[in-house]
Amino acid sequence: MGTSLRVFWRIHRAFLRLTGGRFGKVGPMDALLLATTGRKSGERRDVVLNYMRQGDSYVVVASYAGEDRDPAWWRNLKACPDAEIRVGGKRLRVRAREAVGAEREGVWNRVIAADHAYAEYQERTKRRLPVVILELIG
């Protein structure tokens with residue numbers, strides 16, 4: 001991932017923090033701010049992600065723009081699946097799980113229909129991009 005893209009995401013993350021997640025759109029999809037717990041540090045880690053809704057849940061893709069490794073936020077969620085999102089001016093507690101099988105295929109098809117960039121990211125890497133479901137909890 002290039003320097004200019006990293007700078008953009010840092011600015012966007014700060015903007016989402018300031019607005020409480022009320023405003024945030026990257027390309028054709030809306031964006032949310034995901035807060036995870038660092039698997040090594042135990043510290044809070046924030047990242048801006050594009051999402052789509054699936055019922056009461058939020059769907060994000062661990063694409064890392066097609067890099068050959070999983071993004072840190074996904075590795076953090078695998079270690080500690082409970083997290084927080086800021087979206088639409090709300091703070092919501094969520095639990096992450098990876099979509100598999102027919103569910104993954106159905107959601108993946110919706111994702112690439114909404115934003116074809118994800119299909120391009122998949123072509124750039126040998127790994128299968130994880131489709132992550134963020135389900136609301138308590």
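Just so you know, all these numbers are worked out from the coordinates, no wet-lab data involved. Quick caveat: nothing in here was measured; it's all calculated off a predicted structure. Counting neighbours? That spans all protein chains shown, and the Cβs are built from the backbone with ideal geometry, glycine included.
Odds and ends about this structure:
- 17 Å Cα-Cα reach of Lys90 towards aspartates and glutamates, excluding residues that sit fewer than 8 places from it in its own chain: Asp30, Asp46, Asp56, Asp82, Glu135
- Nitroxide proxy distance, nm - points 7 Å out along Cα→Cβ at Arg124 and Asp46: 2.5
- Difference of contour (0.36 nm per residue) and Cα-Cα distance, Glu135 to Lys90: 14.7 nm
- In angstrom, the C-alpha Rg and Dmax of the stretch 22-92 are 12.2, 34.
- Each Lys or Arg adds one and each Asp or Glu takes one away; over the other residues whose Cβ falls under 15 Å from the Cβ of Val59, this sums to -2.
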